[in-house]
Amino acid sequence: ITQQLVKNLLLNQSRSISRKLVEMVMALVLDKLMSKPQIIEAYLNNVYWGHGTTGIASASATYFRKRPLHLTLNEAALLAALLPAPEYLSPYRNPNKAWRSRNEVLGRMAAVGFITEEQAKEEQENLQQDS
């Protein structure tokens, strides 16, 4: 996440070994200057979420007409699912892919103990009822 944050905020998008090395060094420095929660917050506030939307507050408003603090587990999992490919996994463009990806996020959350298996199953059965 730190390297992605550095790439998104500080560097150009060129694909070169020198840029990658600078990115790695800057990420190490950033790791020393910021806590993990600060890095995650900065990342979520600056990452692209699809449909011209940058930042978690804009994404939350775009997809759910809510502030991030008011997202349900289902909605938060869907937003997390968008990160690898926001346009491709968009619920507006590819709803089935979006829901499948959201279900994978819920499954991973259960696997690492962030939520229970029961919660994951319940949410996986709950397509758009929160939206």
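The values are calculated or read from the model by the stated rules, or taken from the named source; none is laboratory data. Fair warning: this is a prediction, and the values are worked out from it, not measured in the lab. Note: ideal-geometry Cβ built from the backbone for every residue, glycine included; neighbour counts use all protein chains shown. Side chains are part of the model used for accessible areas, which takes the heavy atoms of the whole protein and leaves out ligands, DNA and RNA. Shrake-Rupley method; radii C 1.70, N 1.55, O 1.52, S 1.80 Å.
Do any helices (runs of 4 or more DSSP H) entirely within region 1-51 hold 3 or more residues that are within 26 Å of A77 (Cα to Cα) and out of contact with any Phe, Trp or Tyr (no Cβ under 8 Å at 6 or more places or on another chain), and if so, which?
Details: elements: 2-10, 17-33, 36-46.
Counting at least 3 such residues, we get 2-10, 36-46.
How many of the residues in region 34-84 are closer than 21 Å to E122 by Cα and of a type in the set (S, T, N, Q)?
2
Return the only residue of E23, E41, E75 being charged (D, E, K, R), open to solvent by less than 40 Å² (accessible area, probe 1.4 Å) and closer than 21 Å to T2 by Cα.
Working: E41 fails: open to solvent by less than 40 Å² (accessible area, probe 1.4 Å); E75 fails: closer than 21 Å to T2 by Cα.
Answer to the check: E23.
Considering only region 82-105, I want to know if a residue exists there that is within 16 Å of I1 (Cβ to Cβ), of a type outside the set (V, I, T), assigned to a helix (DSSP H, G or I) and open to solvent by less than 80 Å² (accessible area, probe 1.4 Å).
Yes; the residues of region 82-105 include at least one that is within 16 Å of I1 (Cβ to Cβ), of a type outside the set (V, I, T), assigned to a helix (DSSP H, G or I) and open to solvent by less than 80 Å² (accessible area, probe 1.4 Å).
For V29, are the conditions met, namely being at pLDDT 90 or above, open to solvent by less than 80 Å² (accessible area, probe 1.4 Å) and within 29 Å of P91 (Cβ to Cβ)? If you could, list the steps in order and put the result at the bottom.
Details: at pLDDT 90 or above: yes; open to solvent by less than 80 Å² (accessible area, probe 1.4 Å): yes; within 29 Å of P91 (Cβ to Cβ): no.
No, not satisfied.
For the structure I just gave you, tell me whether L69 is assigned to a helix (DSSP H, G or I), within 17 Å of T2 (Cβ to Cβ), free of Cβ contacts under 8 Å to residues at least 12 places away in the same chain and open to solvent by 70 Å² or more (accessible area, probe 1.4 Å).
Numbers: assigned to a helix (DSSP H, G or I): yes; within 17 Å of T2 (Cβ to Cβ): no; free of Cβ contacts under 8 Å to residues at least 12 places away in the same chain: yes; open to solvent by 70 Å² or more (accessible area, probe 1.4 Å): yes.
Against the criterion (assigned to a helix (DSSP H, G or I), within 17 Å of T2 (Cβ to Cβ), free of Cβ contacts under 8 Å to residues at least 12 places away in the same chain and open to solvent by 70 Å² or more (accessible area, probe 1.4 Å)), L69 does not qualify.
Here are some conditions: (1) charged (D, E, K, R); (2) more than 17 Å from the chain's Cα centre (by Cα); (3) open to solvent by 80 Å² or more (accessible area, probe 1.4 Å). E123 meets all but one. Which one does it not meet?
Condition not satisfied by E123: (3).
Name every residue in region 53-66 that is open to solvent by 50 Å² or more (accessible area, probe 1.4 Å), in contact with a helix residue (DSSP H, G or I) (Cβ under 8 Å, 6 or more places away or on another chain) and either more than 19 Å from Y92 (Cβ to Cβ) or assigned to a helix (DSSP H, G or I) (or both), in order of residue number.
A57
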